[in-house]
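Following: one structure in structure tokens, then a few remarks.
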Amino acid sequence: MTVFSAVSPRSRATRARAHLVPILLSGAAAAGAIGLVAYLLWPTWGSGGASAPDRLPVSIGGTLFNVPPPAIRMKIQRHSGPQERIDLDFLYPSLEPPGAPKHVTADTVEEAMQPIDRIFLSIAAHHDALAPEQRTATIYPRYLDRAAAMPQDGLTMQMFRGDTPYGAEDLYSATSPALTARCTRDAATPGMCLSERRVDGADLTFRFPRSWLSQWREVAEAMDRLTAQLRGPKG
């Protein structure tokens, strides 16, 4: 005898819904877990990329300097690690790194011809060459004019003889604060000064307009501050 199950369509629908509820709950839990993992692993940086470091550790002549990247004049030198030479410039008197250079057009070229407002600095390994202090004490006196120069406001100027390698330059010196600078004379272009100092395995060469010597104490102190800032605290 054949027995037929008398199950109503409503009962079958109820059982189907009862099986479907656990499946939906499992799917929702899995989706939530996937979303949480995606949130935790999603990159947090912005579209502009990671910000550049404030200072780059650069070793020149075995001497460590901490250099602000915007002050580096040549793009190829903008990396950390050992380098033979690095060229920098800083706004004066703030000693802040300069901003991005403005694009010069034919309409703005006259506006771009402004007085120099920055100190230029080159740092290079000296490889045991004659120190700047020794050059001032032993080499320069051979080429100076014998005429005695009178100090003015604590700064002494001596002219180089015209028949010497420094014939178009003058030598300025002071003791408090210490300053030695070799300066070209004003001509078709304004005169520029060069002041050197040695720090361990590197020589620092500062360049600035000769006209700044009217405030030579401030310039000397600015070079001292820059040297200290680039060397950083000594441990």
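No value in this document is a laboratory result; all are computed from the given coordinates. These figures come from a predicted structure and were not determined experimentally. With ideal geometry, Cβ positions are generated from the backbone for all residues, glycine too; neighbour counts draw on all protein chains shown.
Checking the a/c ratio against 1.5 first, then a/b against b/c, what shape does the Cα gyration tensor give for the stretch 56-231?
The shape class here is oblate.
Can you pull out the trypsin sites (Lys or Arg not before Pro) in the stretch 138-167 that DSSP calls coil and that have at most 11 other Cβ atoms within 10 Å?
Arg146
Given labels modelled 7 Å from the Cα in the Cβ direction, how far is it in nm from Ile139 to Val199?
If labels sit at Ile139 and Val199, their model points lie 2.1 nm apart.
Taking other Cβ within 10 Å of each residue's Cβ, how do Leu171, Leu144 sort, fewest first?
On the way: Leu171 21, Leu144 16.
Ranked by crowding around the Cβ, least crowded first: Leu144, Leu171.
Which of Thr136, Phe206, Gly81 sits farthest toward the positive end of the charge dipole of the stretch 56-231, with +1 on the Cβ of Lys and Arg and -1 on the Cβ of Asp and Glu?
Highest projection toward the positive end goes to Gly81.
What FRET efficiency, computed as 1/(1 + (r/R0)^6) with R0 = 30 Å and r the Cβ-Cβ distance, is obtained for Ile76 and Asp153, rounded to the nearest 0.05? Mind showing how you got there, number by number?
Details: r = 42 Å, r/R0 = 1.39.
Efficiency for this residue pair is about 0.10.
Expected output is a single nm value to one decimal: the length gained when fully extending between Thr227 and Asp117, i.e. 0.36 nm times separation in residues minus the C-alpha distance. What is it? Can you show the working numbers first?
Working: separation 110, 0.36 × 110 = 39.60 nm, distance 1.86 nm.
So the extension gain works out to 37.7 nm.
I want the local charge near Leu130. Using Cβ-Cβ distances under 15 Å, sum +1 for each Lys or Arg and -1 for each Asp or Glu among the other residues.
Value of the local net charge: +1.
Positive end of the dipole of the stretch 56-231, charges at C-beta (+1 Lys, Arg; -1 Asp, Glu), about the Cα centre: which of Gln152, Leu226, Val58 has its Cα farthest in that direction?
The residue sitting farthest along the positive end of the dipole is Val58.
Within 11 Å, Cβ to Cβ, of Gln77, how many net charges do the neighbouring residues add up to if Lys/Arg are +1 and Asp/Glu are -1?
Values: positive: Arg73, Lys75, Arg78, Arg85; negative: Glu84, Asp87.
Taking every other residue near Gln77 into account, the sum is +2.
Calculate, in nm to one decimal, what Arg185 and Ser59 gain on full extension: separation in residues at 0.36 nm each, minus their alpha carbon distance.
Using 0.36 nm per residue and subtracting the Cα-Cα distance, I get 41.9 nm.
Report the gain in length on full extension from Ser94 to Ala168: 0.36 nm times residue separation, minus Cα-Cα distance, nm rounded to one decimal.
23.6 nm is the gain from fully extending Ser94 to Ala168.
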